[in-house]
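Enquirer: Structure in structure tokens, see below.
The values are calculated or read from the model by the stated rules, or taken from the named source; none is laboratory data. Remember, it's a predicted structure, so these values are computed and weren't measured experimentally. Backbone-built Cβ (ideal geometry, glycine too); neighbour counts: all protein chains shown.
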Amino acid sequence: MRILISGAGLVGCHTAKELVQSGNEVWFYDINPNPTYIEAIAGKKGIKVIKGDLLDLPATIRAMKQAKPSVVSIQQVLSEGR
């Protein structure tokens, strides 16, 4: 299954690790992804990253069209005042 996770932080990376180990393909959608952190927690195999802001609707739609996920998981924390 192809899964898009918004937010490549602590929760998103650990979730991705479990999903990839179960045979899934994971795409991260994050405003400021840290490739070193993602690789250290989730690994490289089965992981793809798209840089973008969840609040930018056109960019989010492009990411959805690119990843074509079966499932979307929102892990990103949205800050007030942004």
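Enquirer: For segment 15-37, what are the residues that are of a type in the set (Val, Ile, Thr), within 14 Å of GLN76 (Cβ to Cβ) and at pLDDT 95 or above?
Expert: At the first step, the residues of segment 15-37 found to be of a type in the set (Val, Ile, Thr) are 15, 20, 26, 31, 36.
Then drop every residue that is not within 14 Å of GLN76 (Cβ to Cβ), which leaves 15, 31.
Correct list: THR15 only.
Enquirer: Right, something else. Is at least one residue of segment 34-51 over 14 Å from the mean Cα position of the chain (by Cα) and farther than 20 Å from ARG2 by Cβ?
Expert: Checked against the condition, which is being over 14 Å from the mean Cα position of the chain (by Cα) and farther than 20 Å from ARG2 by Cβ, segment 34-51 yields at least one hit.
Enquirer: Kindly establish whether ALA40 is in contact with a strand residue (DSSP E or B) (Cβ under 8 Å, 6 or more places away or on another chain) and modelled with pLDDT of 95 or more. Give the steps one after another, and end with the answer.
Expert: Details: in contact with a strand residue (DSSP E or B) (Cβ under 8 Å, 6 or more places away or on another chain): no; modelled with pLDDT of 95 or more: yes.
When the stated conditions are applied, ALA40 does not pass them.
Enquirer: I would also like to ask the following. If LYS68 meets every condition in (1) at pLDDT 95 or above; (2) on the phi < 0 side of the Ramachandran plot apart from one, which number is that one?
Expert: (2)
Enquirer: Moving to a separate point now. Taking segment 1-14 on its own, how many of its residues are more than 12 Å from GLN76 (Cβ to Cβ) and in contact (Cβ under 8 Å) with a residue 60 or more places away in the chain?
Expert: 3
Enquirer: Being of a type outside the set (A, V, I, L, M, F, W, C) and loosely packed, with under 12 Cβ neighbours inside 10 Å is the filter here; which residues of segment 64-77 pass it?
Expert: Within segment 64-77, the first condition is being of a type outside the set (A, V, I, L, M, F, W, C), and the residues that meet it are 65-66, 68-70, 73, 75-76.
Those that are of a type outside the set (A, V, I, L, M, F, W, C) and loosely packed, with under 12 Cβ neighbours inside 10 Å: LYS65, LYS68, SER70.
Enquirer: ILE41: of a type in the set (A, V, I, L, M, F, W, C) and out of contact with any helix residue (DSSP H, G or I) (no Cβ under 9 Å at 6 or more places or on another chain), yes or no?
Expert: Working: of a type in the set (A, V, I, L, M, F, W, C): yes; out of contact with any helix residue (DSSP H, G or I) (no Cβ under 9 Å at 6 or more places or on another chain): no.
Taking the combined requirement at face value, the residue does not satisfy it.
Enquirer: Residues in segment 11-63 that are aliphatic (A, V, I, L, M), part of a loop (DSSP other than H, G, I, E, B) and surrounded by 13 or more Cβ atoms within 10 Å (Cβ to Cβ): how many? Explain how you work it out, then say what you get.
Expert: Residues of segment 11-63 that are aliphatic (A, V, I, L, M), as a first pass: 11, 16, 19-20, 26, 31, 38, 40-42, 47, 49-50, 54-55, 57, 59, 61, 63.
Of the ones still in play, those that are also part of a loop (DSSP other than H, G, I, E, B) are 31, 54-55.
Keeping just the survivors that are surrounded by 13 or more Cβ atoms within 10 Å (Cβ to Cβ) gives 31, 54.
Residues in segment 11-63 being aliphatic (A, V, I, L, M), part of a loop (DSSP other than H, G, I, E, B) and surrounded by 13 or more Cβ atoms within 10 Å (Cβ to Cβ): 2 in total.
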